[in-house]
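So the structure is just underneath, and the comments pick up after that.
The values are calculated or read from the model by the stated rules, or taken from the named source; none is laboratory data. Because the structure is a prediction, the values reported are computed rather than measured. Here the Cβ positions follow ideal geometry from the backbone for every residue, glycine too, while neighbour counts run over all protein chains shown.
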Amino acid sequence: MSPIEPARAKTAEVERFSGWGNHPVVPAKLQRPERRKGLRPVGASSLARGQGRSYGDAALNSLGTLVLTERLDRLLGFDPKTGDLTAEAGATLEDLIEALLPLGWFLPVTPGTRFCSLGGCLAADVHGKNHHVAGSFSAHVRSFELVRADGGTAWVTPQEDPGLFWATAGGMGLTGMVSTLTLRMKKVETSWMSVTHSPARSLDELFDLLDDPVHDAEYSVAWIDGMASGSSLGRGVLMSGEHAAPDQVPSGRAALDWSPERTKSLPFSLPSWALHPLAVRLGNSVYHWAQGRRGRFVCPIEPFFYPLDSIQHWNRMYGKRGFLQYQFVAPPETARATVRTVVQSLADGGYGSFLGVLKKFGPQGEGLLSFPMPGLTLALDVPMRHGIEAVLDRMDAVVADAGGRVYLAKDARLARAAFERMYPRLEEFRQVREACDPSSRLGSDLARRLGLA
Ligand SMILES: Cc1cc2nc3c(=O)[nH]c(=O)nc-3n(C[C@H](O)[C@H](O)[C@H](O)COP(=O)(O)OP(=O)(O)OC[C@H]3O[C@@H](n4cnc5c(N)ncnc54)[C@H](O)[C@@H]3O)c2cc1C
């Protein structure tokens, strides 16, 4: 197995790990408990790791142990009156969908992949295409059980222990290991989506589409062409959707069903020439044309929420050196200018890529380190290439000056000083963490880089 395999390359008891971006790749000791009682901190430094879908070093711990939650995936109970689902924290979003979508229940908030664990979703306080109406993941979590740094356990609710609850939501695994969690699911009538694609020829047109109440929908996100330049800079397609009503379900198809397409797999890392800027530019042009002309249509839930999940290991597309995903949010007053500067700078440097996503966030939640805040968020995949880190350092300054912040679940390189300018509730977080883990038994590479542990 290659050392950049995002899963694991085994060498005795120490294995090598990376996040979804395949950069960096670091060693760690490994524990994989079969039962909840085995989930606990071990040694001088340890960290819970779910499905490793964070992109950078949030789920890495090169100085200690990673405790994998993948075998703690049991669904423990469901109350159809309230929609409250209790499950072990290693259960994935796919596990929940498979069990509950056929019964008419869906996730209240979902990121763009269903291969994440519940613990990972709480620790990153993930957001979905409905952030503007539903907030982020933690807003739908009723309670969780936390294994603390000293090995003791606590049931945590936002009413009884708000400090610990809101430090854990978005706290990147640094307050303890979540062993079980109760999530309030959302009732749906069908497993189909009614979708509208609206093309935009430039960044300004895309901003206007995002602001236009005509396009208000429960879910919305825009694909943005990170390679377009000149008057087409930032062209894209706004993709908005609602859960389809029963009378919109295609005839002959079940209203409630979960039968995702069989996934294909990218078997090896692509060579670097496969991502030649000309090839990416051509691919983006075809995508812009094809998606922009689709108009209104009805489709199953899966391709609307999880288009990338149909190809396993698609991250190998970026080759052995891996890639970074740069995601930031900027407040409404500075959002347009900040997005333009970042898109322009990356396109000018030839760092633009196929995967760019622009979205409008709603109100801020209560997580002390939660990423979402009102404004626009932009996420761009950038292949690891010479010079990219210096460009992104400059972008961090632009984002911080604009009053925005970079998303920790995607990050592998933000400097501590920039981070401290971006997260105004950092001191509150540090105090809670100090109280629940005074000897820093929980740690990650991200935490050490940013001065969180
Ligand atoms: C294709 C793709 C699309 C994505 N789209 C979105 C999106 O739309 N919105 C969004 O917000 N994010 C998105 N993400 C990021 C992803 O949702 C988060 O990184 C999420 O945390 C991944 O969950 P995981 O189980 O893989 O966690 P990991 O990557 O394994 O861990 C992430 C963090 O959670 C902590 N953690 C994991 N389990 C526990 C536990 N049991 N107790 C305590 N801490 C724990 C880890 O220590 C680490 O700090 C996307 C990722 C991919 C690959």
Inset, instruction - Could you name every one of the helices (runs of 4 or more DSSP H) located completely within segment 115-227 that has at least 1 residues being assigned by TED's automatic domain parsing to the domain that holds SER353 and modelled with pLDDT under 95? - result: 203-211
Inset, instruction - Please work out if LEU450 is farther than 19 Å from TYR351 by Cβ, within 16 Å of the ligand (Cβ to nearest atom) and modelled with pLDDT of 95 or more. - result: yes
Legend entry - The one condition in (1) under 20 Å from the mean Cα position of the chain (by Cα); (2) surrounded by fewer than 20 Cβ atoms within 10 Å (Cβ to Cβ) that ARG114 fails to fulfil: (2)
Legend entry - Count of segment 289-309 residues which are among the small types (Gly, Ala, Ser) and touching a strand residue (DSSP E or B) at 6+ places or on another chain (Cβ under 7 Å): 2
Inset, instruction - Taking the options SER440, SER353, name whichever one is touching a residue at least 12 places away in the same chain (Cβ under 8 Å), surrounded by fewer than 20 Cβ atoms within 10 Å (Cβ to Cβ), within 16 Å of the ligand (Cβ to nearest atom) and of a type in the set (Ser, Thr, Tyr). - result: SER440
Inset, instruction - Need at least 2 residues that are within 22 Å of GLY176 (Cβ to Cβ) per element, so show me which helices (runs of 4 or more DSSP H) inside segment 373-453 make the cut, counting only ones lying wholly within it. - result: 426-436, 445-450
Inset, instruction - Being hydroxyl-bearing (Ser, Thr, Tyr) and within 14 Å of GLY52 (Cβ to Cβ) is the filter here, so list the residues in segment 110-134 that pass it. - result: THR113, SER117
Inset, instruction - Test VAL399 against the stated conditions and say whether it is in contact with a strand residue (DSSP E or B) (Cβ under 9 Å, 6 or more places away or on another chain), outside the structural domain of GLY170 (by TED's automatic domain parsing), surrounded by fewer than 23 Cβ atoms within 10 Å (Cβ to Cβ) and not small (Gly, Ala, Ser). - result: no
Inset, instruction - Mind listing just one residue for me: the one in segment 25-40 that is of a type in the set (D, E, K, R) and surrounded by fewer than 17 Cβ atoms within 10 Å (Cβ to Cβ) and, of those, farthest from GLU88 (Cα to Cα)? - result: ARG32
Legend entry - Conditions (1) without any contact (Cβ under 8 Å) to a residue 12 or more places away in the chain; (2) within 22 Å of the chain's Cα centre (by Cα); number of the one not met by LEU210: (1)
Inset, instruction - Pull up segment 83-111, narrow it to residues that are within 13 Å of the ligand (Cβ to nearest atom) and not hydrophobic (A, V, I, L, M, F, W, C), then point me to the one that is farthest from the chain's Cα centre (by Cα). - result: GLU88
Inset, instruction - Determine the pairs where a residue that is in contact (Cβ under 8 Å) with a residue 60 or more places away in the chain and within 28 Å of LEU47 (Cβ to Cβ), located within segment 70-85, has a partner that is surrounded by fewer than 14 Cβ atoms within 10 Å (Cβ to Cβ) and not hydroxyl-bearing (Ser, Thr, Tyr) with Cβ atoms under 7 Å apart, the partner being 6 or more residues away or on another chain. - result: none
Inset, instruction - Kindly establish whether LEU60 is within 11 Å of the ligand (Cβ to nearest atom), buried (at least 20 other Cβ atoms within 10 Å of the Cβ) and not assigned by TED's automatic domain parsing to the domain that holds GLY362. - result: yes
Inset, instruction - From ALA124, ALA149, grab the single residue that is aliphatic (A, V, I, L, M), surrounded by fewer than 24 Cβ atoms within 10 Å (Cβ to Cβ) and in contact (Cβ under 8 Å) with a residue 60 or more places away in the chain. - result: ALA149
Legend entry - Matching entry among SER231, SER198, SER143 (being over 30 Å from GLU94 (Cβ atoms), more than 11 Å from the ligand (Cβ to nearest atom) and hydroxyl-bearing (Ser, Thr, Tyr)): SER231
Inset, instruction - Sort through LEU368, LEU358 and tell me the only one that's among the aliphatic types (A, V, I, L, M) and either under 14 Å from ILE224 (Cβ atoms) or touching a Pro at 6+ places or on another chain (Cβ under 6 Å) (or both). - result: LEU358
